[in-house]
Structure formats: structure tokens, C-alpha cells
Amino acid sequence: MLNWGIIGASTIAKEWMIDAVNANAKSRVIALLSQSQQRGKAFQKQFKIDRIYTELSAFLADTEIDIVYVGTTNELHKPQTLAAAASKKHVLCEKPLALSLTDAKEMVNACSNAGLVMGTNHHLRNAVTHRKLRKLVQNGAIGQPLAVRVFHAVLLPPHLRTWRIKDPGKGAGVVLDITVHDTDTLRFILNDEVESVIARTSSQGLGEHKIDDTVMGVMQFRRGTLAQFHDSFVIGHSGTGLEIHGTDGSLIATDVMTQHPIGQINFRRENHIEKIQLPQAINLYKRAVDRFNEAVRGEGQPAATAQDGLQSLAVALAVMEAAHTGTQIKVNYA
Ligand code: NDP
């Protein structure tokens with residue numbers, strides 16, 4: 001049995017991650033750290049968590065915790081991950097790994113130097129839809145991928161309209177929230193890295209003090225694919241999607257940029273449209289946990305590794321710089 005400790009009584013922990021850990025017959029959540037005793041107790045009651053802590057040091061001194069899930073606001077990922085690594089706990093960290101690439105690298109190195117597994121919770125690559133898209137593209141179903149369009153513009157639910165749209169110190173803004181996920185998903189499907197970006201951000205009604213709640217831009221991949229993306233917190237009626245257009249056909253996936261295990265894919269060639277058969281849908285977060293548990297047992301790697309988190313963060317930072325400067329930015333992975 002692998003014992004997980006959750007850092008942060010957060011929405012993502014409550015809605016997805018605690019259940020995902022407990023759904024695996026060989027792992028369970030035994031502890032939670034919350035700055036608020038009240039929130040901690042509410043989680044303890046709802047999820048029947050054995051131990052609730054309010055101090056990081058006491059939480060990490062719990063020798064029964066094998067794996068720490070860092071699901072707090074973004075500025076806390078670094079100190080909490082470094083402390084977890086110093087206490088010899090494996091870390092599954094939320095995206096974005098940190099607010100700067102230097103900080104994220106320090107986290108990744110700390111885990112790696114301590115011989116610990118670290119992963120990034122990029123959930124989308126666990127979806128059967130994205131895994132199918134990757135297989136189709138890699139098997140040459142559409143020939144050479146030339147262009148991608150990502151539709152990841154949603155209406156931020158009222159209960160999430162807190163630090164994300166208000167607090168730059170916590171890593172607010174749509175780019176660190178959503179564009180990192182687009183990046184990871186496209187890297188995964190195309191098996192390619194982003195070379196440069198252009199982008200334009202905007203505050204269209206939810207972002208306070210000009211914090212971006214919308215971004216549109218283009219990523220240029222090393223092998224030449226151009227990917228257009230629209231990420232937003234203010235679009236209520238569009239649905240999400242991802243299109244990949246190649247020399248020999250197009251893949252058109254709808255409702256796939258979401259936390260839910262839904263969505264469909266059509267393959268289009270000239271006027272012929274074929275619905276792609278998908279395997280049984282599975283919970284994206286459960287697969288992330290299952291893969292992380294396996295990695296801790298020495299069987300393979302997390303679904304999204306720490307390195308994947310570094311790559312997606314580097315691209316998001318380049319997108320922010322491109323929007324800020326109004327210029328094309330070469331992604332700095334160094
Ligand atoms: P929340 O705003 O729900 O929670 C963030 C932190 O705020 C919690 O850890 C909690 O810390 C504190 N908190 C929770 N509720 C309250 C409250 N009512 N008042 C004051 N503080 C509160 O964040 P999210 O769950 O939306 O995001 C957390 C992380 O997860 C972020 O890094 C985000 O980017 C990532 N995320 C990832 C997703 C994915 O699919 N991979 C999806 C959504 C988010 P404490 O209990 O210690 O006080």
C-alpha cells in the first residue's frame with residue numbers, strides 16, 4: 001500500500017485527486033495539510049482522512065507518508081516540493097511547477113538528487129482521446145502535421161474566481177493555468193517541442209488589475225507544425241476542441257480539453273468523415289495516480305514527468321513574454 005499525503009485543501013484535491021488516489025486498490029490518502037484547521041476538518045470528514053496537519057514540518061515528519069501531492073497555489077509549489085524532497089517523499093506536483101524556470105529546475109533537481117520520483121499533474125495526456133490522437137499522428141494517419149487549432153476557452157466557474165484572476169503573486173492568469181496544459185498535450189500528441197511563440201493576452205471581464213483572462217497565440221514546433229491556441233476564462237458557450245491538420249487528412253476532436261473523460265474524434269479526408277472508435281473512457285486523474293504509483297514502485301515513469309512540467313512552463317513563460325513585448329519569443333529551456 002502506498003500512502004499519500006495531500007498538501008492543500010484545494011478544489012482540485014476535493015473534486016478529483018483524493019478520490020483518484022483512493023480509487024487505486026494499492027494507494028490511499030492518509031494525511032492532509034491545510035493552513036486552515038476548519039478546512040482540514042471538513043476534508044477529514046468528507047474523505048475519512050486519518051490525519052490532518054496545519055504545519056508543513058509536522059506533516060512531513062509523518063514517516064508513513066510515501067507520496068506527497070502538492071495541489072496548492074502556484075507560488076507554494078516550490079517550497080513545499082523542496083521540503084518534501086528533503087523529507088524523502090516522492091512528489092506529484094500541480095502545474096505550473098513554479099513561477100519561474102529556475103525555481104522549477106531547483107525542484108526537479110532536488111527530487112532527482114534524492115532519488116525520488118517527481119511528476120507533473122498534466123491530466124489531459126491521460127485521456128483516451130489524446131492518447132488516440134497521439135497514436136494516429138505518430139502512425140502517420142494524417143501524414144505530416146502542418147497545423148493545429150486548440151480551443152480551450154471556458155467560463156471559469158464562480159467558485160474558482162479567486163487568486164487565478166486576482167493575485168499575480170500566486171501565479172494568476174490564464175497562461176499559467178491553461179496554456180501550460182495545451183502545451184503539454186500538443187507536445188505529447190506531436191512528439192515535438194515548441195521552438196518559438198507569438199501571443200496576445202487580454203483582460204475581458206474577469207481578470208482584475210489587467211490580469212490576463214484570455215490569450216490567443218501561435219506556437220511554432222521544431223518540425224514546423226504551427227499551433228494556434230485560444231485559452232480563456234470568459235467564454236461560456238463554445239465548447240472545447242483540438243484539430244490537427246496534416247498533408248493526408250485532418251483529425252477533429254471535440255470536447256477534449258476538459259477534466260472530464262469525454263469527447264470524440266473524427267478523421268476527415270477530402271469529404272469523407274469517419275468517427276474514430278475509442279477505448280472505454282477512464283478518469284484522467286485516476287490514470288495519473290495509477291501511473292505515479294507504478295513509477296514509485298520502479299515500473300515506468302509518471303504519465304507526465306517532472307521534465308514535462310519544465311517544458312510546459314518554459315513555453316508558458318515564453319507566451320507571457322511574447323504577449324508582454326509584442327514580439328516573437330524563442331522558448332528558453334536553459
Ligand atoms: P484552490 O483555490 O481551490 O485552492 C488553493 C489553496 O487555497 C488550497 O490549497 C487551500 O490551501 C487554499 N484554500 C482553499 N479554499 C480556500 C478558501 N475558501 N479560502 C482561502 N483559502 C482557500 O485552487 P485549485 O484547486 O483551483 O488549484 C490548486 C492548484 O492545482 C493550482 O496549482 C492549479 O494550477 C492546479 N490545478 C490543476 C488542475 C489540473 O487539472 N491538473 C485543475 C485545477 C487546478 P490551505 O488548505 O492550505 O489553506
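Odds and ends about this structure:
- The set of residues in the range 11-41 that are near the ligand (Cβ under 10 Å from one of its atoms) and not polar (S, T, N, Q) comprises ILE12, ALA13, LYS14, GLU15, TRP16, MET17, LEU32, LEU33, ARG39, GLY40.
- Taking the range 149-160 as the range and being surrounded by 15 or more Cβ atoms within 10 Å (Cβ to Cβ) and more than 25 Å from ASN266 (Cα to Cα) as the test, only LEU156 passes.
- Residue in the range 268-281 that is among the hydrophobic types (A, V, I, L, M, F, W, C), buried (at least 22 other Cβ atoms within 10 Å of the Cβ) and touching a strand residue (DSSP E or B) at 6+ places or on another chain (Cβ under 6 Å) present: no
- Meets criteria (within 11 Å of the ligand (Cβ to nearest atom), within 30 Å of LEU82 (Cβ to Cβ) and in contact with a Ser or Thr (Cβ under 8 Å, 6 or more places away or on another chain)) for HIS123: no
- Hits in the range 185-217 (condition: open to solvent by 30 Å² or more (accessible area, probe 1.4 Å) and hydroxyl-bearing (Ser, Thr, Tyr)): THR201, SER202, SER203
- Filter result (within 20 Å of the chain's Cα centre (by Cα) and either in a helix (DSSP H, G or I) or away from the ligand (no atom under 14 Å from the Cβ) (or both)) within the range 73-83: ASN74, GLU75, LEU76, HIS77, LYS78, PRO79, GLN80, THR81, LEU82
- Some residue of the range 188-202 being more than 16 Å from the ligand (Cβ to nearest atom), in a helix (DSSP H, G or I) and of a type in the set (A, V, I, L, M): yes
- Considering residues of the range 168-187 that are of a type in the set (D, E, K, R) and within 9 Å of the ligand (Cβ to nearest atom) only, the residue nearest to ASP231 (Cα to Cα): ASP177
- Consider the range 95-148 and keep the residues that are surrounded by 19 or more Cβ atoms within 10 Å (Cβ to Cβ) and part of a strand (DSSP E or B). The one that is farthest from the chain's Cα centre (by Cα) is PRO145.
- Filter result for the condition that a residue is crowded, with 24+ Cβ neighbours inside 10 Å, β-branched (Val, Ile, Thr) and at pLDDT 95 or above, over THR72, THR81: THR81
- Yes/no for LEU32 being touching a Gly at 6+ places or on another chain (Cβ under 9 Å), outside any strand (DSSP E or B) and over 18 Å from LEU284 (Cβ atoms): no
- Among residues of the range 146-167 being β-branched (Val, Ile, Thr) and touching a residue at least 24 places away in the same chain (Cβ under 8 Å), the one that is farthest from the ligand (Cβ to nearest atom) is VAL148.
- Residue pairs whose Cβ atoms lie under 8 Å apart, sitting 6 or more positions apart in sequence or on different chains, and linking a residue in the range 35-59 that is open to solvent by 50 Å² or more (accessible area, probe 1.4 Å) and part of a loop (DSSP other than H, G, I, E, B) to a partner that is among the β-branched types (Val, Ile, Thr) and within 13 Å of the ligand (Cβ to nearest atom), are GLN35/THR54.
- Selection within the range 2-27 - open to solvent by 40 Å² or more (accessible area, probe 1.4 Å) and closer than 17 Å to ARG291 by Cβ: ASP19, ASN22, ALA23, ALA25, LYS26
- Scanning the range 209-229 turns up no residue that is in contact (Cβ under 8 Å) with a residue 40 or more places away in the chain, in a loop (DSSP other than H, G, I, E, B) and of a type in the set (Phe, Trp, Tyr).
The values are calculated or read from the model by the stated rules, or taken from the named source; none is laboratory data. These figures come from a predicted structure and were not determined experimentally. Note that we place each Cβ from the backbone using ideal geometry, even for glycine, and neighbour counts take in every protein chain shown. Heavy atoms of the whole protein, side chains included, go into the accessibility calculation; ligands, DNA and RNA do not. Shrake-Rupley method; radii C 1.70, N 1.55, O 1.52, S 1.80 Å.
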